[in-house]
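Written below as structure tokens is the structure these notes are about.
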Amino acid sequence: MSASITLNVIISRLQDPDLMINLQGFMELKRFLTQTDLHIQDEENLIAVIMKKCIEPGEVQAIGLECLTILMEQGINERNYHPILKPFLDKLQLVNPDGRANGIEALRHLIASIPSNVARQVTSFMTEPILQATLSPQSQSTTLDLLSDYVHHFGAYLVAEHDTITTLLRDIIMKTTQSSTRKRANNTLSYLSQHLSDQSLQQLISTTIDSIRKAKASTPLFLSHLRLLSTISIRIGTRASTFVEDITTLYETILPILKDETEEEEQRASCLESLNHIVEVCLTADITSSFQRIFGICMTNISYDPYGIDDDQPSPKSARTLTDKELMVILDKGDDGDSSDFSDDLDDDSDDISWLVRKLALNCLCSLLKQFIAELDRNLVQILQVVTLRMKEESENGIVTIVDLLTLLIDPLRRALQAQDETIIRIASTLLTNIAIRLHTISAIPPRLSLLSLLLKFPATLLAQYTQSFLFLALSFLPPFEKQLQPRQYQSLIPQIHALTFSFISNLIDNPQTLEHISPFIDKLVTATKTAISDSPPLVVVEALSCLQCIILMLSNEQHTNELKGIFAFLMEQFTLVERESDIKNSIISTVAVFASHSLSLLPPSQSQSLITQLSEKVLDSSQKLATVDAIAMIIHSTSINSTGISCVISTPFKVDPPTSPSMQPELVHTLLKTLCVTLKQSDAILVEHTLCAIDACVLHHIKSIDESIFESVIIPAFTSQYNSILGNIPLHFFSTFTHLLTLKPKFKTKVFESISKHTYRLLTISTIPHLSVRELIVFFATLCSDSENKTQATVTFVDEVEQEIFRIVQESEADLSLVGLSNLAECLGMVVRLNQSATKARTISRVLETCQQYLAEYAGWLTSGGSADVIEKKRAPSNFTSPIRPTPTLKRTGDLTTPLVSRTRQRTPTSTKRQLMLLQSPSPSRLNMSRSPSNADSDSKSPLQITSQHDMTTILSLILISVIGDGEDFTQNKDGPTILSLLYTVLSDSQNEAILSAACRALGGFLGGDVVKNLVIWEKLLKDVGPGECEDKLKPFLPHHALRTELLLAALQNMLLQKIETPESIKCLEGTSVPLFTILFSIVQNPKNQDLFKMDAARRSVSESVGILVSIQPHTIIPLLKLKSQVDDPSTKIITLQSLVHPSLDGTSPISDELIADLPSFFALLSDTNEEVIRAALLLVKHIAANRKHDLKTLLQPIVPNLLSSLAPTSPSIPMDGQMYKKKEDRIVTLRRTAGFDAVLTILQQDPNALDAYSVINTLPSALDHHDDLLRSLASSLIVFYADNDPNRMYESIPKILDPIIRIVDKWMKDNTVHHSFGVSRSADIRPTLMAVIALKGLKGIENCFPFVEFFRMKIMSGLVKPIYDDMLDIRAGLI
């Protein structure tokens, strides 16, 4: 049956004269409306039918009103609200009180369902009847309930009637004699106060305060106005900050004169509640002047107790402190002793609400002190005194609040104890005794949990005074010594109290000095822990096992052998149980490990062997492998170390205690090692990491106990097998552990080398392995090939084998090696050479250079012959050259040797070779980042030349080898140096292969890096004289070839300078070359033929980094030269000048030199330049200054603030179209300039929140939020978060400006992701910063009064696709705070 037919059937039943059929029809209609989400065509007819049955009170009216509310919530036509509400509004004028009451109840029911979008239309005809009904004395109380609901929902739309309603309600308050009517009027007026203008609110509060002052104390009118003031203070939120001083002054005067009667105590509590709310919602600055008044009010009311403490009892400051024995006597006597003075039955007196007054005063004091942390230390004595007295008398309802306050005092208390403040120590000791006695007398679980949680945070030095008393108390909370039967409502909390008790005991006994105090309780402690471990929930068992570990540590000596043996027997029983939860099994294993690591020597050898065997079986068979491996490692670390003079080279993931037991028997060590080596083969990465730590510890600590046969048959095979199975995911500690093993046993190096060398080369050619792992692999392999027992010939053999194998791999690779793989192979061979002793090093370097020279000579011959393929095959090696590599088949030259150069330029690789070049030119990421990124967007899509033959790869490998082994070496003095330099120059001048050019420039950097002063002339010649070449018409379309060479040479020079500043000696050498190098670099920049080159950011970056190094070496010389360069007309020169000033200093920090500060105005003047890229570079300098110069930042930036703020704006204002993001996108460089500006502003504000005018910055945020660039929107969102945290008032005032762009961002994201979400595609990254801004705005005080934001948050954020992402960001925000 269709929905329309169903609805017609229902309507026919509603029109039936039979009451029962009507009821059935309404129930079906309710079910139909809740289950059907479709538009009702004849809405007016349906409403008319419902209204006919709803006029008269009864069952039909009740269910009919429910149907109407469902219709209104789903949305009906605006014109249909009048027919629904008008009949009930007419009832307000009836003389019959029952009819009037029925109309009021119906309207209250319907008002809550009226949506805000029709509020204005509805209030136009509802306000007058409701106000008229309120004026009538008949049923005035119930009419006020209606008016209260009406004002609560529609107060914002009744601006014209605010004054009328306020006057009406104040007249009712003043004239009525009925308490209930006055309370309702108060409540209605407090709802209205949320929507009043500032002037009207000021007048209302002033009038109320004056009325309180004029009224006679304790009269109904006095209490009514006081109640009104406190309620308004809560309702108006952050707007109460304007009235803090007036309200606190009034409370300070009025509260002391209130009587100890129920109604006045209630009003006292109401005032304190409002005061607490004011403190919570107002900023610290708003309540600073009223701090002392609020503090005094709180302290006075914390002590308010008309039935409590005698004034004659001594103050805690002067009272005598109980000893541990005296406290034990009191606790042992129970209620017959002094503990009878401690109240525990105040809650039974239903008329006494003084506990509520104290609780609210404590809450207010906590809120106040959280904002004024510094006041904790100043008022510590006063607060502790009051709280100590209240701890003795406070009811169970107030204990939890006292604990909250005491938690704030823990840190100040620690500082006072460190300062040996005798007064604080005395008061704190008295407080502890009162806590102990209250713990003994309290029967309810919640306050007991709070007190135990507090004791866990208490300073250990104080708790140590009462070790026996607290142990006695704690044991009384645990089975089998628990005395009190808990009420049924607390049964679910019993496991928590038991777990917390065990945790407290662990803290209490975790001190060797307390052993003599604990001795009388050892048997009971062990019994309690065994009982809990045997039969308790997992939460309790885990804490009991932790407590048992502390007991074992405390008893780990020969005087307690019997107790320890009993514990061991119990643990082994639990150890063998199968049906236990995973957490419990892990804790049992850890406890066994603690026992074995501290008391293994107390056991007979057979039991020790049995324990180790069972642990080994657990590793092999159980699911608790990780916990068992950690247990084994703990045992290994805690046994005594056979000193080998070698320290552990890795960090372990477990706690290492000093060794206390003698060394294990060799058989046990062998058993553990065999087990661990088997575990090493597991696929779980975390388990492998922990196993590596355990093996390393075992070998280090017990090296003398390990037979070489174990090394040869177990350890080395396990590691080599694991090594050869690595395909990419390399365990973090694997190489360091393997290196350590071979350092201990160097005789196995040759065997390991033979087993792993081939797989090593394979790993080096995998480009997907992380760079850090590759570096560790290279260091490990080079260490393996280093001098073995000073046998020079063995080392040379190693190097020869590595060299032969690497060149063979390259020659047989079918040209499928990436530049990353080639670079890794070269780095490996270079590291092998560099790690050898000096005599061997010189010999191996010469052999490698000879090989490189041969391949470079072949390639140079091919270049000079015009690219003939026959040249290389016919060319013979020099007569004195003996190649160390094995003969290979005649090379078939294809690709770049036979194919015309134009064809080769069109062959593209799918992988970005720019990224490969970056890796090739940068031996380590920390040194350099030189990926070329042309400013022209089209050039980014071009891919450079592909490596198309083995010949290209052998040439590149030779060039990289020269650079790697040339770090710090002056090869110009080598016998082959001039020849190699000539070959490099030929390759650089004539090659058209970008990859080879890059490698040649890198080789030149290494080759010429030995003596910069001597080779300065060569650098100048290279940079100035490398011409366009003979094949310029066949080169890459986006970059002239001479410019490519220049760029690569600049990168090589930069790399060389970075290497030179690593040692003080090299820095000293560079000082004499700073000015000549500066002149050379800028002559290249200002050369007209390089104009296009320096439009590219990578080329500019190479020069600026090099100049930045010179600035860090000699700032007093270079900065004046840069000042002159900043005044030229060339934009590239200006940009490089500004970028060079951002370079870090030689020690890795970024201090701002005095020379730069002196000339800063000259550089900041470029913020007004006409070139957008120059402005962007100047903004990056501003950010650098802001990040590293805090103390006078505002003074430095003051002259440039206008330019800085103008950099945030777009070039021309854009208008959002169709409610979407800006359709017209800015130029890319303008966007980059704006991004740099917002980044600089954010950095400045993080250093000094008052450095910039908040309104000026906030006014720029809407255009940034509406921008198409994700990074720009993210920075704008970060600024919103910043201002929401640091200047919430101004951020709150600016919500109307920024809310519309935020709504557009969310709307666009939801629209874009609706389709993607259906396919399971996640595109949440671009909305996360916006949601972080929304979260910050949601936390603003008073945001609940901003109806547009509340509506947006409810409709867009808390529903649909955005909600899960919002929840994630909420967790992130909580973690950051």
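Structural remarks
- The numbered conditions (1) closer than 23 Å to residue 207 by Cβ; (2) open to solvent by 10 Å² or more (accessible area, probe 1.4 Å); (3) in contact (Cβ under 8 Å) with a residue 40 or more places away in the chain are all true for residue 159 except (3).
- Residue count for segment 645-701, restricted to those that are more than 27 Å from residue 603 (Cα to Cα) and either at pLDDT below 50 or outside any helix (DSSP H, G or I) (or both): 14.
- For segment 354-390, the set of residues classified as open to solvent by less than 30 Å² (accessible area, probe 1.4 Å) and modelled with pLDDT under 85 consists of 354, 390, listed by residue number.
- Selection status of residue 1307, open to solvent by 20 Å² or more (accessible area, probe 1.4 Å), part of a helix (DSSP H, G or I) and in contact (Cβ under 8 Å) with a residue 60 or more places away in the chain: yes
- Residue list for segment 133-173, filter: closer than 27 Å to residue 113 by Cβ, in a helix (DSSP H, G or I) and among the aliphatic types (A, V, I, L, M): 133, 135, 144, 146, 147, 151, 156, 159, 160, 165, 168, 169
- Filter result (among the β-branched types (Val, Ile, Thr) and not in a helix (DSSP H, G or I)) within segment 740-767: 765, 766
- All positions within segment 1048-1097 that are small (Gly, Ala, Ser) and either within 23 Å of residue 1116 (Cα to Cα) or at pLDDT 80 or above (or both): 1066, 1072, 1074, 1083
- The set of residues in segment 1338-1358 being under 26 Å from the mean Cα position of the chain (by Cα) and either among the β-branched types (Val, Ile, Thr) or in a helix (DSSP H, G or I) (or both) consists of 1338, 1343, 1353, 1356, 1357.
- The residue list 63, 5 contains one member that is assigned to a helix (DSSP H, G or I) and modelled with pLDDT of 85 or more, which is 63.
- Selection within segment 1262-1283 - open to solvent by 10 Å² or more (accessible area, probe 1.4 Å), of a type outside the set (Val, Ile, Thr) and under 25 Å from the mean Cα position of the chain (by Cα): 1269, 1270, 1271, 1273, 1274, 1275, 1278, 1282
- Single residue of 113, 124 found to be under 30 Å from residue 1348 (Cα atoms), of a type in the set (Ser, Thr, Tyr) and not in a helix (DSSP H, G or I): 113
- Those residues of segment 228-253 which are modelled with pLDDT under 90, open to solvent by 10 Å² or more (accessible area, probe 1.4 Å) and not hydroxyl-bearing (Ser, Thr, Tyr), in sequence order: 234, 235, 239
- Residue 1008 satisfies every condition listed in (1) under 29 Å from residue 1123 (Cα atoms); (2) out of contact with any Cys (no Cβ under 9 Å at 6 or more places or on another chain); (3) at pLDDT 65 or above except (1).
- Test for residue 468: is it modelled with pLDDT under 85 and open to solvent by 20 Å² or more (accessible area, probe 1.4 Å): no
- Restricting segment 88-128 to residues that are basic (Lys, Arg) and touching a Leu at 6+ places or on another chain (Cβ under 6 Å), the residue that is least open to solvent (accessible area, probe 1.4 Å): 100
- Selection from segment 1188-1247 of residues that are in a loop (DSSP other than H, G, I, E, B), within 29 Å of residue 1154 (Cβ to Cβ) and modelled with pLDDT of 85 or more: 1207
- Out of 318, 289, 270, 303, sole residue that is at pLDDT below 80 and not aromatic (Phe, Trp, Tyr): 318
- Residue tally, condition part of a helix (DSSP H, G or I), polar (S, T, N, Q) and under 24 Å from residue 249 (Cβ atoms), over segment 174-221: 11
- If you check 726, 703 for being of a type in the set (A, V, I, L, M, F, W, C) and touching a residue at least 60 places away in the same chain (Cβ under 8 Å), only one passes: 703.
- Segment 168-221, subset surrounded by fewer than 16 Cβ atoms within 10 Å (Cβ to Cβ) and among the β-branched types (Val, Ile, Thr), residue farthest from the chain's Cα centre (by Cα): 177
- Residue 567 passes every criterion in (1) open to solvent by less than 30 Å² (accessible area, probe 1.4 Å); (2) under 39 Å from the mean Cα position of the chain (by Cα) apart from (2).
- Looking across segment 981-990, the residues that are open to solvent by less than 10 Å² (accessible area, probe 1.4 Å) and at pLDDT 80 or above come down to 984, 987.
- Within segment 454-483, residues that are under 25 Å from residue 409 (Cα atoms) and among the charged types (D, E, K, R) reach partners that are open to solvent by 40 Å² or more (accessible area, probe 1.4 Å) and in a helix (DSSP H, G or I) with beta carbons closer than 9 Å, at six or more positions or on different chains, in the pairs 457/407.
- Evaluation of residue 713 against the conditions (1) at pLDDT below 85; (2) more than 30 Å from the chain's Cα centre (by Cα); (3) loosely packed, with under 15 Cβ neighbours inside 10 Å shows that the sole unmet condition is (1).
- One residue alone among 536, 601 is of a type in the set (Gly, Ala, Ser) and not in a helix (DSSP H, G or I), and that residue is 536.
The values are calculated or read from the model by the stated rules, or taken from the named source; none is laboratory data. A quick note: this is a predicted structure, and the numbers were derived from the prediction, not measured. Backbone-built Cβ (ideal geometry, glycine too); neighbour counts: all protein chains shown. SASA here: full protein model, heavy atoms, side chains in, ligands and nucleic acids out. Shrake-Rupley method; radii C 1.70, N 1.55, O 1.52, S 1.80 Å.
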